[in-house]
Amino acid sequence: MMKKLVLFSLVGILACEESDQTLVNTDNQVITQSDTTEFVRTASEMAATSKVSGKYEIIYANNWENNPPGRYSYDQMKSEFNYGLYEWGLGKRTNIYDPKSCNVIKEGSSKFLRVSFPKGTYGANHGMSWEGELGRKYSELYLSYDIRFKPGFNFVKGGKLFGLSGGVFTVPDPPRGMNGFDALAMWKPDGTIQSYVYHHAYRSRYGEGGNWDPALSKLVPGKWYNITVRVVMNTVGKKNGIFEAFVNGRLVFSRQNYEFRKSNLLGIHKITFLSFFGGSSKEHASKQNEYIDFDNIRVFRYANGKGEIAGFKLSPAGYSMQIPKI
């Protein structure tokens, strides 16, 4: 059972401002010592150096253990992102609707976030669809979270899940010019997971799909799993960006043909908190009252010089990664 892989109390972050020149240097894939200084916001202190645990550097972490059970509002989440919290796919719109669909649940001795979907709902106006600023730009990051679908969950025609993003653009629409990207996941009708990526080399108004290994990515409702995605920015002018995915630590997807950006000034700087049915048509609507549980969100990278797989190196077939623990 994957529940509670890690327990820690970091919530949200503050980060150092950087000049454009620093970002260009960082985006050359060379991680220098100065590039490893971030500041995190904890319950007891407003600024401290980012947490390095062994070979990992934790950029953001949340497991809701410090939140009281009950409704988890937009205002609560906004308090964890001092650099901005936006509505997904609408540029920098900050007057986000509060969907009243998120609750902190206590089960036994632990807590987690539950996102609910009433019968007949679909689209980004239901569930969860926020983008949280990380405060600076990165060339490579991992996003990891635990997920559990309600027992008996009806996947219908699919729905969206968390990811990493950068820049500003609106959806559904392909990125144009100097616009950004969104590297997401989504569930499919059969309960398997796939990638769903908005990037410059894919000109559809919707994201580009990518099937994950069905033997490892089919999620059984009622059971906890861990999903981890890795995103590496492309070299400007080339389609060599990387998206990889892992389920319970095992590699299920690896591809290197993404054009996430057209400028070195663009990097990964947001978490996309996305969870809804659809699609934007009634055929995607939930058939019954549903929910999805999320826990142990971690955004991280390898500490300086400690990455087994880093930069433009792809994970080998059959690779298993360790999820950082604190």
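The values are calculated or read from the model by the stated rules, or taken from the named source; none is laboratory data. Predicted model only: the values in this text are computed from it and were never measured. Cβ: placed from backbone, ideal geometry, glycine included. Neighbour counts: every protein chain shown.
Couple of notes before you dig in:
- Checked against the criterion of being of a type in the set (A, V, I, L, M, F, W, C), touching a residue at least 24 places away in the same chain (Cβ under 8 Å), under 30 Å from Pro151 (Cα atoms) and assigned to a loop (DSSP other than H, G, I, E, B), the candidates Ile323, Ile292, Ile227 yield just one match: Ile323.
- Unique residue being of a type in the set (Asp, Glu) and assigned to a helix (DSSP H, G or I) when the list is Glu283, Glu244: Glu283
- The condition of being closer than 23 Å to His269 by Cα and modelled with pLDDT under 65 holds for only one of Glu87, Glu80, that being Glu87.
- Selection within the stretch 268-302 - in contact with a helix residue (DSSP H, G or I) (Cβ under 7 Å, 6 or more places away or on another chain) and on the phi < 0 side of the Ramachandran plot: Phe277
- Residue, farthest from Phe162 (Cα to Cα), within the stretch 247-270, restricted to residues that are aromatic (Phe, Trp, Tyr) and part of a strand (DSSP E or B): Tyr258
- Boolean, Asn234 is modelled with pLDDT of 90 or more, polar (S, T, N, Q), in contact with a Phe, Trp or Tyr (Cβ under 7 Å, 6 or more places away or on another chain) and part of a loop (DSSP other than H, G, I, E, B): yes
- Scanning the stretch 279-326 for residues that are surrounded by 15 or more Cβ atoms within 10 Å (Cβ to Cβ), of a type in the set (A, V, I, L, M) and modelled with pLDDT of 85 or more gives Ala285, Ile292, Ile297, Val299, Leu314, Met321, Ile323.
- Only one of the listed residues (Gly267, Gly241, Gly278) is under 15 Å from Val197 (Cβ atoms), of a type in the set (Gly, Ala, Ser) and in contact with a Phe, Trp or Tyr (Cβ under 8 Å, 6 or more places away or on another chain). That residue is Gly241.
- Total residues in the stretch 96-141, condition at pLDDT below 90, part of a strand (DSSP E or B) and polar (S, T, N, Q): 1
- Restricting the stretch 51-71 to residues that are in a loop (DSSP other than H, G, I, E, B) and more than 18 Å from Lys106 (Cα to Cα), the residue that is modelled with the highest pLDDT: Lys55
Yes or no, residue by residue, for (1) surrounded by fewer than 16 Cβ atoms within 10 Å (Cβ to Cβ); (2) closer than 23 Å to Ser139 by Cβ:
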{"site": "Lys223", "(1), (2)": "yes, no"}
{"site": "Ile242", "(1), (2)": "no, yes"}
{"site": "Phe246", "(1), (2)": "no, yes"}
{"site": "Leu251", "(1), (2)": "no, yes"}
{"site": "Ser254", "(1), (2)": "no, yes"}
{"site": "Arg261", "(1), (2)": "no, yes"}
{"site": "Ile271", "(1), (2)": "no, yes"}
{"site": "Phe277", "(1), (2)": "no, no"}
